[in-house]
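Scroll down for the structure; my scribbles are underneath it.
The values are calculated or read from the model by the stated rules, or taken from the named source; none is laboratory data. Because the structure is a prediction, the values reported are computed rather than measured. All Cβ positions, even for glycine, are placed from backbone atoms using ideal geometry, and neighbour counts span all protein chains on display.
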């Protein structure tokens, strides 16, 4: 067991006691990252990281992020460190500015070690479409299972125990789904809570900065550091930043959790649904009121297509800046059309192109009413329904996925409710911009299962409180493959 | 058959704000290419737009000047298309909710006043500037992101003259509101024209032709006059007008084909998700309107009320620098008309000679007021005051001091002194007095001349003339 396995608070205490230094810890993290065989890394900046760690001086008491090494998904702009979003169209692109979250972490003395793989441009949920190929789930050493995406590399490295936390981004479930597959805590706070400045946009109306940790406590600590108004992101909220990490003093009394029965009903026989049911009973025993509600099956079934139309439409516009003219590989050509056509033909993978075509199609004048605007109206309807549920209850609880991490070649029935609903419902949190967190629930044949809690907007403190209760009940905290290997799990 | 033209104008005005529409890079003109940039202007991934408050204020001021409804919620949309000068692959504009709607502009044509309806004005951002060479094209992103306001007229303009006056009117507003320098030659005011013709008395629309590349206000009128004739000629010959984009060839004095228009581009508009709608407080709107610098029309009315001719008022307002100087100097004199004469005469003369503009007029306004007072109250002739002013320009001294240095003597208006001269002139020139009484006006001039001679040029001729007239009248 090393300092990296202690979590953010434990590491901070070790620093305060003078037992170790940021440089030593960074070196250990780099060693672990190098050892990792899951194809989780894009660019690294180890030398810069080590010299930054060495320059940190005295440990700052109460600055819990001081000297904490981390990785960031490769769709955060990092000054001087190549950032490709796992797409060939950005090969060689070295940003001239830091994303706001990167800047804040640096200011707090956290040590960026490098950038992690993702589904190309964060589009995808499998961790297989990036230009470096598949990223593997560390819990399956045979490399047959995905860790999920799009924040695959960050999930893999935290689950591997290389770092206490890693940044991701979440447009549909890109942090919360892989968190479930990787036995981690993964959170997407309220839309506008964390500045998106410097996050490569996928679908800005849904995008959120998120991250992986191995405990609720660490997640809360990070939110305190990352949340808050940023003038550079006009959609960031000026609501004051709560002391998120002090959630323990919140009373559980009167807290209500909704269970979406029609969602659970799509996978009644699966272990994940049963374990979620057991968890609910235990929460009830702890005084939490559990309410069974029906969301509306038809509406649940429409989540995926609604998400797909809106996100592809926004994506096709956001990624129109990738044309080979200003940055990224310049393919040459005798007209600007030729340059753009070549850059985009050579630079994007097949799945991305498909999404652009769909997005563009749904925005076309003759289709917009039937596709894009209809999807927007349906989104509004869904948001209204969520609003009703969250007026009655404080949270709703769901399995994070239909089951454990799938095999790469597993072909689910894409039209089944198990897929349409239980595999895509996490986008509810993005539709409504709500804080949503995935926590370890249990294990199934050695693979982690996750449970998700979604709460009211800007109500992260109480969400952390409820999450801590879940953590207490499952007893699953600080999970990593290393813990299992070293026999502590 | 007689035709009437149906003309609609789209005017893009580049604002002279300190920073760009959505980024913090400065707005400049003529700087080294690609030096005035923020990462946003190059559309680096992860950059986000932040709305320029001053640009919104300008939008409010313009909307107010055009009598428009102002949308209290400022919202933006994306206009999506690929083009080499468009860094993001979309332009942020206001397609669905323009900041101003339903306004109008009054123009004074040779055939009387007309009110031209304006459909909308909206805020957006400029594109990069392209420089095309035989073997390559260069891009200057300094212009990318400069705030624009687009003003879309209703198709209510009927002649080239009206179009010119409309553009002049818009330019005067943006110029005097401090929104833009309105320079067509530098592209800070750009005009696209749509024109079709139809038989008089009909309601339908003919095939629309767009004219681009209009780089001066004069050319708008010339291009439209030509184009209207061209289209009428085609129709009269039984040919049809094609839907096309043309440009004005200044040398040849005619419009020439650029390209045939195919189906309109689908810009796939949708709301900009990175800018939350901005609610304008009533206070913000009121303040923007109240603090707007005085506009052209208001100044014009004021000048005319001060006694200036319409022509003089307009000539002064032609040059914003002169108008601003005029306003400042006004507070130092009670004689606006004389002041105007000094500015239009001696002022312009000096600036021409020195190669300066009114923005850098060398004399402080109080000195110009002083020169006027020398003439209108000090008894100096205009010629003398002008002479003094010339020395002021030359040596940077006040006109009063110049008068002393030049040893100029004011003319005498003293009643006692003049009365003596009048008596003498009348008694010595009885015949001329009689001539004047018989209706020979010229005789008065002779008598005044005699009086000037007697006073050795010191008498104030105007006063002298008045007194001679009075005196003869009394004798009668």
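Quick look at the numbers
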quantity: Residue match in region B:66-85 (condition: crowded, with 17+ Cβ neighbours inside 10 Å and under 22 Å from the mean Cα position of the chain (by Cα)); calculated: yes
quantity: Conditions (1) surrounded by fewer than 23 Cβ atoms within 10 Å (Cβ to Cβ); (2) in a helix (DSSP H, G or I); (3) within 12 Å of another protein chain (Cβ to nearest Cβ): number failed by residue A:96; calculated: (2)
quantity: Filter result (under 27 Å from the mean Cα position of the chain (by Cα) and within 12 Å of another protein chain (Cβ to nearest Cβ)) within region A:345-372; calculated: A:356, A:359, A:360, A:362, A:372
quantity: Test for residue B:7: is it in a strand (DSSP E or B) and within 12 Å of chain A (Cβ to nearest Cβ); calculated: no
quantity: Single residue of A:414, A:377 found to be without any contact (Cβ under 8 Å) to a residue 24 or more places away in the chain and within 14 Å of chain B (Cβ to nearest Cβ); calculated: A:377
quantity: Qualifying position, being modelled with pLDDT of 90 or more, crowded, with 16+ Cβ neighbours inside 10 Å and within 30 Å of residue B:368 (Cβ to Cβ), among B:398, B:455; calculated: B:398
quantity: All helices (runs of 4 or more DSSP H) inside region B:373-440 with 1 or more residues being under 24 Å from residue B:329 (Cβ atoms); calculated: B:382-395, B:399-406
quantity: Matching residues in region A:437-460 - criterion: being closer than 17 Å to residue A:211 by Cβ and outside any strand (DSSP E or B); calculated: A:460
quantity: Residue list for region A:178-199, filter: within 14 Å of the chain's Cα centre (by Cα) and under 28 Å from residue B:49 (Cα atoms); calculated: A:187, A:188, A:189, A:190, A:191, A:194, A:196, A:199
quantity: Test for residue A:256: is it more than 19 Å from residue A:444 (Cβ to Cβ) and out of contact with any strand residue (DSSP E or B) (no Cβ under 6 Å at 6 or more places or on another chain); calculated: no
quantity: Residues of region A:64-80 satisfying the condition of being within 13 Å of another protein chain (Cβ to nearest Cβ) and part of a loop (DSSP other than H, G, I, E, B); calculated: A:74, A:75, A:77, A:78, A:79
quantity: Among (1) closer than 27 Å to residue B:178 by Cβ; (2) crowded, with 21+ Cβ neighbours inside 10 Å - the single one residue B:97 does not satisfy; calculated: (2)
quantity: Strands (runs of 3 or more DSSP E) lying entirely in region B:81-129 (those with 2 or more residues that are more than 14 Å from every other protein chain (Cβ to nearest Cβ)); calculated: B:100-109, B:112-125
quantity: Count - residues of region B:38-61 that are crowded, with 17+ Cβ neighbours inside 10 Å and within 13 Å of chain A (Cβ to nearest Cβ); calculated: 16
quantity: Per-region count, region A:260-274, residues buried (at least 17 other Cβ atoms within 10 Å of the Cβ), touching a strand residue (DSSP E or B) at 6+ places or on another chain (Cβ under 8 Å) and outside any loop (DSSP other than H, G, I, E, B); calculated: 6
quantity: Residues (at the interface with chain B (Cβ under 10 Å from one of its Cβ atoms) and part of a loop (DSSP other than H, G, I, E, B)) located in region A:99-122; calculated: A:99
quantity: Residue within region B:130-143 that is over 23 Å from residue B:31 (Cα atoms), assigned to a loop (DSSP other than H, G, I, E, B) and at pLDDT below 95 present; calculated: yes
quantity: Residue in region B:300-318 that is exposed (fewer than 15 other Cβ atoms within 10 Å of the Cβ), within 14 Å of another protein chain (Cβ to nearest Cβ) and either assigned to a loop (DSSP other than H, G, I, E, B) or touching a helix residue (DSSP H, G or I) at 6+ places or on another chain (Cβ under 6 Å) (or both) present; calculated: no
quantity: Residue match in region B:304-319 (condition: at pLDDT 95 or above and under 30 Å from residue A:231 (Cα atoms)); calculated: no
quantity: Residues within region A:37-61 that are part of a strand (DSSP E or B) and either without any contact (Cβ under 8 Å) to a residue 60 or more places away in the chain or surrounded by fewer than 18 Cβ atoms within 10 Å (Cβ to Cβ) (or both), tallied; calculated: 1
quantity: Hits in region B:245-283 (condition: away from chain A (no Cβ under 14 Å) and in contact with a helix residue (DSSP H, G or I) (Cβ under 8 Å, 6 or more places away or on another chain)); calculated: B:246, B:248, B:250, B:253, B:254, B:255, B:280
quantity: Criterion: at pLDDT below 95, exposed (fewer than 15 other Cβ atoms within 10 Å of the Cβ), over 26 Å from the mean Cα position of the chain (by Cα) and away from chain B (no Cβ under 11 Å) - qualifying residue of A:332, A:296; calculated: A:332
quantity: Matching residues in region A:299-329 - criterion: being facing chain B (nearest Cβ under 9 Å) and assigned to a helix (DSSP H, G or I); calculated: A:313, A:314, A:316, A:317, A:318, A:319, A:320, A:321
quantity: Where residue B:276 falls short, out of the listed (1) assigned to a helix (DSSP H, G or I); (2) within 30 Å of residue A:430 (Cα to Cα); calculated: (1)
quantity: Selected residue (criterion: nearest to the other protein chains (Cβ to nearest Cβ)) from residues of region A:283-293 that are in contact with a strand residue (DSSP E or B) (Cβ under 8 Å, 6 or more places away or on another chain) and in a helix (DSSP H, G or I); calculated: A:283
quantity: Matching residues in region B:62-80 - criterion: being out of contact with any helix residue (DSSP H, G or I) (no Cβ under 9 Å at 6 or more places or on another chain), away from chain A (no Cβ under 13 Å) and either in a strand (DSSP E or B) or closer than 27 Å to residue A:327 by Cβ (or both); calculated: B:73
quantity: Identity of the residue in region A:186-217, in contact with a strand residue (DSSP E or B) (Cβ under 7 Å, 6 or more places away or on another chain) and assigned to a loop (DSSP other than H, G, I, E, B), that ends up farthest from the other protein chains (Cβ to nearest Cβ); calculated: A:215
quantity: Verdict on residue A:238 being farther than 30 Å from residue A:313 by Cβ and free of Cβ contacts under 8 Å to residues at least 12 places away in the same chain; calculated: no
quantity: Selection count, region B:233-268, where residues are touching a residue at least 40 places away in the same chain (Cβ under 8 Å), more than 25 Å from residue B:2 (Cα to Cα) and not in a strand (DSSP E or B); calculated: 4
